[in-house]
1. Could you run through region B:195-228 and say how many residues are open to solvent by 20 Å² or more (accessible area, probe 1.4 Å), at the interface with another protein chain (Cβ under 8 Å from one of its Cβ atoms) and either among the hydrophobic types (A, V, I, L, M, F, W, C) or in a strand (DSSP E or B) (or both)?
2. Evaluate the following for B:Leu81: is it within 14 Å of chain A (Cβ to nearest Cβ) and in contact with a Cys (Cβ under 8 Å, 6 or more places away or on another chain)?
3. Tell me which residues, restricted to region A:35-70, are open to solvent by 40 Å² or more (accessible area, probe 1.4 Å) and at pLDDT below 90.
4. Looking only at region B:284-298, which residues are over 23 Å from B:Ile224 (Cα atoms) and not in a loop (DSSP other than H, G, I, E, B)?
5. In region A:229-239, what residues are small (Gly, Ala, Ser) and either facing another protein chain (nearest Cβ under 8 Å) or closer than 23 Å to B:Tyr194 by Cα (or both)?
6. Identify, from the list B:Pro117, B:Pro80, the residue that is in contact with a strand residue (DSSP E or B) (Cβ under 6 Å, 6 or more places away or on another chain), open to solvent by less than 50 Å² (accessible area, probe 1.4 Å) and at negative phi.
7. Of all residues in region A:159-194, which are away from every other protein chain (no Cβ under 14 Å), open to solvent by less than 20 Å² (accessible area, probe 1.4 Å) and part of a strand (DSSP E or B)?
Protein chains: 2
Amino acid sequence: MAAAVDVNPPLEDEKQISTQPPSLSLSTGLAVRLACRSNTLTTVTSGLAPTHLQANLIILPSRYAADFRLLCARNPVPCPLIAESSTAGSYTCIKSCNNGLSDAQILSDVDIRRDAPRYMVYRDSQLAKKDCLDICSEWTDDHVAFLIGCSYSFESALKEAGLEDRHTKLGRNVPMYRTNVPLCPAGVFTGGTYVVSMRPYKASEIERVREITRGYSETHGEPIAWGWDAVARLGIGDIDAPDWGEVSLTLTKDGRFLGDMVGSEEEVPVFWGCGVTPQEAVMRAGIEGTVMAHSPGHMLLLDVRDHDIIQS
Amino acid sequence: MAAAVDVNPPLEDEKQISTQPPSLSLSTGLAVRLACRSNTLTTVTSGLAPTHLQANLIILPSRYAADFRLLCARNPVPCPLIAESSTAGSYTCIKSCNNGLSDAQILSDVDIRRDAPRYMVYRDSQLAKKDCLDICSEWTDDHVAFLIGCSYSFESALKEAGLEDRHTKLGRNVPMYRTNVPLCPAGVFTGGTYVVSMRPYKASEIERVREITRGYSETHGEPIAWGWDAVARLGIGDIDAPDWGEVSLTLTKDGRFLGDMVGSEEEVPVFWGCGVTPQEAVMRAGIEGTVMAHSPGHMLLLDVRDHDIIQS
């Protein structure tokens, strides 16, 4: 079944939202977390605190934790598990799930309930609240938070190589799509499929883009597919209608120009595994109780930096 | 393109092959390896040395080793990497790729060129020799062997739970199928898809089968799909015509009884990731030079046993 995130429950806390644009002076993970904690920052986090890793969040009742770890282990490209709550109920202390990184290196001074710009709340696999500023009233002693790598993390490296992604140039959220590529099931988590993010590049740039992102195994690594034929192969119905985020291609396959874009005709879509995947997988599993997550594009910023995780 | 393993080059060493059936007295990994080394054992290895892990082999020119490791890391369900040559050129010494297992625990006293019952040899991605008894004349100082987990390894546990697989009961090779489920590409390894093995079970047995095999993450773990609708979803054209191995279902979807089978009408196909996947992926990548592998079903037996790797 299609996940429940298409419905539109009331936007929580709407009147409290600051309308100021994200400040590019937020140059560290901690600065971004503190800005979220005070509700100063409530927007998407793409481009903030360059070189700092950004994480997807999924917060589950503890009885589902073991199956979720297995889902990540079996599907490391869309679901690269970086860290989790140190114990059930802990929202201030995490433990590393990565052999190469210490707990403190990943994250310190955190309140997982408040340090992402916006959150989603699901009850019994149905969306209950959308784009909340915090989840303090939902968190219980039985909840376990999982931090999953995000492809925003390699955008600094792409920019440095002269391959800045379109959505950052346009100040938009990256476009994300559901696909028909099955996840390997794990315990209660059956029936899930990959979610992908998309960045347009010229065909001649793809090998370089693959090389640059290849080492970022903690944040989805190299693309999973590219080119116009990949759109149908992944089961994406309409490249101009992402399931989350905003369009960022210059031209559709039919050559139709999309108004305010910049770019060139030779561009093709390039798809990466996306950390919205576990959120979708959890919803499709039809699990019971209260599940929480970040709002797509509104990530938790970490202390660890891309040069700490890059693999040659 | 379809891989080259369908063509029929001359069967190497045919006259030297012992026709004696595999002895079930071969109760250790070493006993099986020595029987292969002396060409006493030349058959499929399903059911041999119960509880000992069995491994798929893929042997590559060293320049492709890094990309192949990444392919395994990104696709751990079909390609669970257990160990590799300690250095390029080494066929007697391996190093563990598994944090929980020491080199010696996995395998000692081995000659990778001779210790599987049969081998395939590819040159420039085309099958050159099929079902050879050894690959001594092909091995060079530049070759790196990779050992990939095999689902034969959990068949003892299934049998112990009263869920013995059909192909072992029938003394056949497990049926294996190409699918359209894409692998996550890695460097030169693009365009690969999952290969799956299939064991028929009653629908009522599937949750128990999932539970028993779930902990075997080094040997493909729990199934990736099950039920009749999975056949089309995986892109399998004809369940009665496996790409490797032999049919083992009692009834086709149309209710047609397959002669000498035993079983019941309620059975459905259950599919696991298969270690033939990396062999297919290597062929599809169109890489240059001499590549070697085991013949499907003719595995390298290890010293490590299933209780050493099972995860709760």
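1. Going through region B:195-228, the residues open to solvent by 20 Å² or more (accessible area, probe 1.4 Å) turn out to be B:202-205, B:207-208, B:211-212, B:214, B:217-218, B:224, B:226, B:228.
From the residues that got through so far, the ones that are at the interface with another protein chain (Cβ under 8 Å from one of its Cβ atoms) too are B:214, B:217, B:224.
Pick out the ones that are also either among the hydrophobic types (A, V, I, L, M, F, W, C) or in a strand (DSSP E or B) (or both) and you get B:224.
Result for region B:195-228: 1.
2. Values: within 14 Å of chain A (Cβ to nearest Cβ): yes; in contact with a Cys (Cβ under 8 Å, 6 or more places away or on another chain): yes.
Yes.
3. A:Pro50
4. Hits for region B:284-298 are B:Thr290, B:Val291, B:Met292, B:Ala293, B:His294.
5. Applying the first criterion (small (Gly, Ala, Ser)) to region A:229-239 yields A:230, A:232, A:235, A:237.
A:Ala230, A:Ala232, A:Gly235, listed by residue number.
6. Values: B:Pro117 fails: in contact with a strand residue (DSSP E or B) (Cβ under 6 Å, 6 or more places away or on another chain).
When all the criteria are applied, what remains is B:Pro80.
7. Filtering region A:159-194 for residues away from every other protein chain (no Cβ under 14 Å) gives A:159-178.
Remaining after also requiring open to solvent by less than 20 Å² (accessible area, probe 1.4 Å): A:163, A:165-167, A:173-177.
Passing the criteria: A:Met176, A:Tyr177.
The values are calculated or read from the model by the stated rules, or taken from the named source; none is laboratory data. Because the structure is a prediction, the values reported are computed rather than measured. Quick reminder, even Gly has a Cβ in these numbers, built from the backbone with ideal geometry, and neighbours come from all protein chains shown. What goes into the accessible areas is simple: the full protein's heavy atoms, side chains included, and nothing from ligands, DNA or RNA. Shrake-Rupley method; radii C 1.70, N 1.55, O 1.52, S 1.80 Å.
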